[in-house]
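Below: the structure, in structure tokens.
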Amino acid sequence: MTSIEPSRELIGFIGGGNMASAIIGGLIRQGVAPEHIRVVEPFESTRAALVALHGVQVEAAAGEFLRGTSLIVWAVKPQVFMEAAAPVRAVASNALHLSVMAGIRSGSIAAACGTQRIVRCMPNTPALIGRGMTALFAPAELDDKDRTRAEQVIRTTGDALWVEREEQLDAVTALSGSGPAYVFYFLEAMQEAGQKMGLSAAQARQLAVGTFDGASALAAASPDPLGVLRERVTSKGGTTYAALTSMEGSGVKEAFIRAMQAAQQRAVELGDEFGR
């Protein structure tokens, strides 16, 4: 992980929910002083939690306390972006703007915030424990210094990669952004199946989670295609073969692909609906 040099740089967050908190925690672990982080968060309970957890300055609305910030992280819901942008533009249009919002395109952010210094990214919730997977996109005109700065910030929460085209972020949203929910959904099914086959809920959960964790680690460590790894576990006529044959017969793979395409389409719609 690339470390961040401690400095007196001021960093602002618009939105203080789980993803913002994950990035704030990562920044602090990398040496950024809490007093150099400013957060705009309208909900009182969330403000109190941020102060208790991170010791950062939190206000209910954007204002002068954001002036002088060199980096603004957008972590609000797409539905409220346009409303939130105007007061931020008045005090931080010269900052680098890093967006973790789904759907809202860089052109819309540029128009609303009065700057071309924009990086969009799509993280996911394992960022909360430093195991996030984030894709980033920046317009071609953005300089290398800003790209490096954005990547440094994101890598405080886990791994990162760049995509070449902005529309690819809609696919990233469907795959890795929403992906943890798919994993939890499948884990729920495995736990329920384990209970129906005679295991306790605790036993089934431990086995399911441990299996996902181990299989993911094996996939990450192996250069082999995922299909080859699957085939190595699947002896024709065996138990795994019976399970996979049942899933194929039920159209699980096709249904899963359609579900991800639905998520991608919703990301497109969010940009169309709220980013203009």
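No lab work stands behind these numbers, since they all come straight from the coordinates. Fair warning: this is a prediction, and the values are worked out from it, not measured in the lab. Note that we place each Cβ from the backbone using ideal geometry, even for glycine, and neighbour counts take in every protein chain shown.
When Lys and Arg each count +1 and Asp and Glu each count -1, what net charge do the other residues less than 12 Å away from Ala90, Cβ to Cβ, add up to?
That sum, taken over residues with Cβ under 12 Å, equals +1.
Please sort by residue number the trypsin sites (Lys or Arg not before Pro) in region 163-224 whose DSSP state is loop and whose Cβ has at most 13 other Cβ atoms within 10 Å.
Taking region 163-224 and a limit of 13 other Cβ atoms within 10 Å, the loop trypsin sites (Lys or Arg not before Pro) found are Arg165.
Which peptide among 50-56, 218-224 comes first, and what is the full order, when sorted by highest mean count of other Cβ atoms within 10 Å?
Result, highest mean Cβ count within 10 Å first: 50-56, 218-224.
What does the extension gain come out to for Phe212 and Ile257, with contour length at 0.36 nm per residue minus their alpha carbon separation?
Fully extending the segment from Phe212 to Ile257 adds 14.3 nm.
Nothing charged except the Cβ atoms of Lys and Arg (+1) and of Asp and Glu (-1): what's the magnitude of the dipole of region 10-163 about its Cα centre? Round to the nearest 20 debye.
With only Lys, Arg, Asp and Glu charged at Cβ, the dipole is about 180 debye.
Among Cys113, Leu96, Met133, which residue has its Cα positioned farthest towards the positive end of the charge dipole of region 10-163, with +1 placed on the Cβ of Lys and Arg, -1 on the Cβ of Asp and Glu, and the dipole taken about the Cα centre?
Met133
Taking the Cα centroid of region 203-218 and of region 109-143, what is the distance between the two, rounded to the nearest whole Å?
31 Å
Which residue, Thr156, Ala243, Phe256, has the largest displacement toward the positive end of the dipole of the chain when charges sit on each Cβ (Lys, Arg +1; Asp, Glu -1)?
Ala243
Kindly work out what percent of the DSSP beta bridges joining two residues of the chain are antiparallel, to the nearest 5.
10 percent
Using a Förster distance of 41 angstrom, determine the FRET efficiency expected from the C-beta separation of Ala33 and Lys236, and round it to 0.05.
0.10
Throw me the Rg/Rh for region 1-119, computed over C-alpha atoms with Kirkwood Rh, two decimals.
Expressed as Rg/Rh, it is 0.93.
Between Ala220 and Glu141, 0.36 nm times their residue separation minus their Cα-Cα distance comes to what?
Difference between extended and current length: 25.1 nm.
What are the chymotrypsin sites (Phe, Trp or Tyr not before Pro) within region 2-66 that DSSP puts in a loop, where the Cβ has at most 13 other Cβ atoms within 10 Å?
In loop regions of region 2-66 (DSSP not H, G, I, E or B), the sparsely surrounded chymotrypsin sites (Phe, Trp or Tyr not before Pro) are Phe43.
Roughly speaking, what is the stretch gain from Glu83 to Gln168, that is 0.36 nm per residue apart minus the C-alpha to C-alpha distance, in nm to one decimal?
Difference between extended and current length: 28.0 nm.
Under unit Cβ charges (Lys, Arg +1; Asp, Glu -1), what dipole magnitude, rounded to 20 debye, does region 203-276 have relative to its Cα centre?
Its charge dipole is roughly 200 debye.
Which aspartates and glutamates, on any chain, are close to Lys236 with Cα under 18 Å apart, when same-chain ones fewer than 8 places away are left out?
Within the straight-line cut-off, Lys236 pairs with Glu248.
Let's see if you can work this out: charge +1 on each Lys and Arg Cβ, -1 on each Asp and Glu Cβ, no other charges. What is the dipole magnitude of the chain about its Cα centre, in debye to the nearest 20?
About 320 debye.
Over region 6-53, what per residue volume does the convex hull of the Cα atoms give, in whole Å³?
Convex hull volume per residue, Cα atoms: 61 Å³.
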